[in-house]
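The values are calculated or read from the model by the stated rules, or taken from the named source; none is laboratory data. Worth saying up front: this structure is predicted, and the values here are computed from it rather than measured. Here the Cβ is made from the backbone with ideal geometry for all residues, glycine too, and neighbour counts use every protein chain on show. Areas reflect the complete protein model, heavy atoms only, side chains present, ligands, DNA and RNA absent. Shrake-Rupley method; radii C 1.70, N 1.55, O 1.52, S 1.80 Å.
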Amino acid sequence: MDLVQSVFYICSAMVIVFAFMVIISANPVRGALFLVATFLASSVIWILLEAEFLGLILVLVYVGAVMTLFLFVVMMLNIDVVPLKETLVKYVPVALLVIVAILAMLISVVGPSHFGSMPQPAMHAADYSNTKALGMLLYTQFAYPFEVAGVILLVAIIASITLAFRGRVNRKSQRPSDQVNVNPKDRVRVIKMPSEKKI
Amino acid sequence: MFETPQFSAALPEIFLLGLTCTVLFVDIFMTARTRIITYSLTQLSLIVLFVITLMTFAWDPILTFSGNYIADSFSSLTKLVMIMLTFFVFVYSRSYIKCRNITGGEYYILGLFSLLGMMVMVSSHSFISLYLGTELLSLPLYAMVALRRESALSSEASLKYFVTGAIASGMLLYGLSLLYGATGSLELTAVSEHLVATDKVAIFGMVFVVTGLLFKLGAVPFHMWVPDVYHGAPSTVTAFITGAPKIAALAIMYRLLVQGMPSLMDSWQQLLIVVAILSMFFGNLLAIAQANVKRMFAYSSIAHMGYMLLGVIAATPEGYAAALLYGIVYAVMAVGGFAVISMLSKVGFEAEYLDDFRGLNARHPWLAFILLLCLFSMAGVPPVFGFFAKLGVIEALISVHYVWLAAVALIFAIIGAYYYLRLVKIMYFEEPSKMSKIRPAKDALIAVSINGLALLVFGIFPSQWITLTRTIFGA
């Protein structure tokens, strides 16, 4: 077993363990952190597969941006941990049954022996640009799916604004023109009062 | 290696995307009073889109965008039907959402995006465009279900829809990745050439793909979300969900199973037989127990999906033609049914219980008649279109010697007729419990009349449609 293989197995094991922890950890913040660890370990696997650009994007976008935001949101929402745990325990027997059944099927059907002989992908020289190859594919052969994916992101923006934007009700904004045109007489009232007599 | 795509083939999609963005931009400057401009622009663009799709009707298949996009007569016809259905649903929606405090602009824009997703779906010829189309269809629908923001029922429905939809997408993606592993290709023609019937990995992947699709279609045992979503969504959104997306789901089922995996036919046929029988059984039986008409229609939609699958099970060109016709007829009658429900509702009142339909004939005879046509069509009573749809499916089954399955389908159809006719009886032979006036909007009334009468007219003269669908599949 050479170095690449051992790194692959270690990282795969980490992905499985961390992904499992995401599901079973009772504290959502801890769950999000385990998700970060899962992404990191899987990015190593991607880099081993010579998909350097995708591996780095996974770290930059998911770990750096998405999960940080996610952590903020989870910390700000005051989620009650106990009821979550109770429902989880209730479904454990059924879930275990399903997991065992699917796992048995997976092992018997999708084992390496069933995939036949896939040709080894061509090895590339050290100066081979992964990013360039990806860009070429994305803007030629997969231009159509790429555009559709862009539309999906646009829809996501519209949908979330539609659901979250509640209109300008009770917004305490100021109108500069009104403030400039204000007349002292409207704001200050001078009242004449008889002075108090000193006793 | 790379060829410049034939953009003219995808003209409907390009046009729709451009117009949707225009509507989106115009809507920014609209206030509540000028919202009618958004609506008019949306409807106008749908009419123009219909004409463009009709003019670019692709009798000869065109495969372009590096095999990601296909334009053939099948995709052109389904697109025309979906555009028409969307147009009608928007007509029903105008008055319905106006008095329900639903922001108009986003409603139409999300609907248009969903239509774009459906068009991408029916024209997809690779796993990736197929998956992206499915997502583009579903994402706006989740938001549309939740548009009635103050309603807890709508939020619950939207969340359930979203979660089950996400699981379905996961299943679909896992299955597609296995199929990619087994064949080494994403493009359907290459996949169908590489697949062999004994490939266990491919069969395993196919099962996951079918599961994902059945989730989207809402067939038993993946139907749990259907009644809750249909019930919780605003009635016109339910009409939208139950119409065109079902045709799109049928279309990708055809593309994936028939065009992509013909060599696995024996496997998916068995799978679908079980699903179809379960759908017809649970759909029809559980519909009887519903006091809520929207839930009743939801269970009836589950049953109808079972009937539609029967055509795919027959696995002959006649069978596919019958399934397509069934999908179209179902969409038209279900949209009509939900339209009547939405028109009986008023501000702060949803007509959804059987009791609200009591003596409808005395309150508004014309609406009662239109609903009667829809219900007769769903039950499969002869003069109406629904009868020929059921007939076609059963005929296709008998011609491939699945007589027992046809017999089972007929028995369930008779059970199903009970609850449709019960609603007819409530409308026509019982005294109304309340006599408040029903004042549907004029445009919606005209649209629903066309919708209902189409079922009757095409029921009397069905040969055009049957010939058209058969020509498409070369039967």
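Things worth noting here:
- In sequence order, calculated HN-Hα J values of the range B:275-292 (Karplus, 6.51, -1.76, 1.60; Hz; x Gly/Pro): 4, 5, 5, 4, 5, 5, 5, 5, x, 5, 6, 6, 5, 4, 7, 8, 9, 9
- Karplus-derived 3J(HN,Hα), 6.51/-1.76/1.60, for each residue of the range B:457-467, Hz, glycine and proline x: 5, 6, x, 7, 10, x, 5, 4, 5, 5, 4
- In this structure the protein assembly as shown gives 49 Å² per residue of accessible area when probed at 1.4 Å with all protein chains present.
- The lysines whose alpha-carbon is closer than 27 Å to the alpha-carbon of A:LYS185, local same-chain residues fewer than 8 away aside, are A:LYS172.
- Summary value for the range B:7-472: 14 percent relative contact order, contacts being C-alpha pairs under 8 angstrom separated by 6+ residues.
- Using θ = phi - 60° and Karplus 6.51 cos²θ - 1.76 cosθ + 1.60, couplings along the range B:310-318 (whole Hz; Gly, Pro as x): 4, x, 5, 4, 4, 6, 10, x, 4
- Scanning chain A for GluC sites (Glu not before Pro) in DSSP loops with at most 14 neighbouring Cβ atoms within 10 Å leaves A:51-195 as the longest stretch between them.
- Of A:VAL182, A:VAL22, A:VAL44, the one that fluctuates the most in a GNM where chain A has Cα springs shorter than 10 Å: A:VAL182
- Summed buried accessible surface, chains A and B, 1.4 Å probe, nearest 100 Å²: 2800 Å²
- For B:TYR69, the residues whose modelled amide H falls within less than 5 Å of its own, excluding neighbours fewer than 5 places apart on the same chain, are B:THR64, B:HIS125.
- Farthest towards the positive end of the charge dipole of chain B, among the residues B:PHE385, B:PHE127, B:ILE273, is the Cα of B:PHE385, using unit charges on the Cβ of Lys, Arg, Asp and Glu.
- Surface share of carbon and sulfur [accessible, 1.4 angstrom probe, percent] for the range A:1-82: 80 percent
- About the Cα centre, charge dipole magnitude for the protein assembly as shown (Lys/Arg +1, Asp/Glu -1 at Cβ), debye: 3480 debye
- Amide proton proximity set for B:VAL381, modelled H, under 5 Å, gap of 5+: B:PHE387
- Within the accessible area of the range B:171-296, the carbon and sulfur atoms contribute 69%, probe 1.4 Å, all protein chains present.
- Spatially proximal lysines relative to B:LYS246 (Cα-Cα < 19 Å; intrachain offsets below 8 disregarded): B:LYS79, B:LYS160, B:LYS216, B:LYS294, B:LYS390
- For B:LYS346, distant residues with modelled amide H under 5 Å away: B:ALA351
- Ratio of Rg to Rh for the protein assembly as shown: 1.02 [Cα atoms; Kirkwood radius as inverse mean 1/r over pairs].
- Calculated [222 nm] ellipticity per residue, helices only, for chain B: -25000 deg cm²/dmol; basis is -39500 (n - 2.57) per DSSP H run with n ≥ 4, divided by all residues, nearest 500.
- For chain A, calculated [θ]222 nm from helices alone, where every DSSP H run of n ≥ 4 adds -39500 (n - 2.57): -20500 deg cm²/dmol
- The alpha carbon centroids of the range B:160-203 and the range B:23-77 are separated by 29 Å.
- Taking A:GLN179, A:GLN141, A:GLN120 as the candidate residues, the one with maximal mean-square fluctuation in a Gaussian network model of chain A, Cα springs under 10 Å, is A:GLN179.
- Chain B shape via C-alpha gyration tensor axes, a/c threshold 1.5: oblate
- Cβ-based net charge around B:MET333, under 13 Å, with every Lys or Arg adding one and every Asp or Glu removing one: +2
- Extents of the range B:177-305, largest first, come to 50, 26, 18 Å (Cα atoms, principal axes, whole angstrom).
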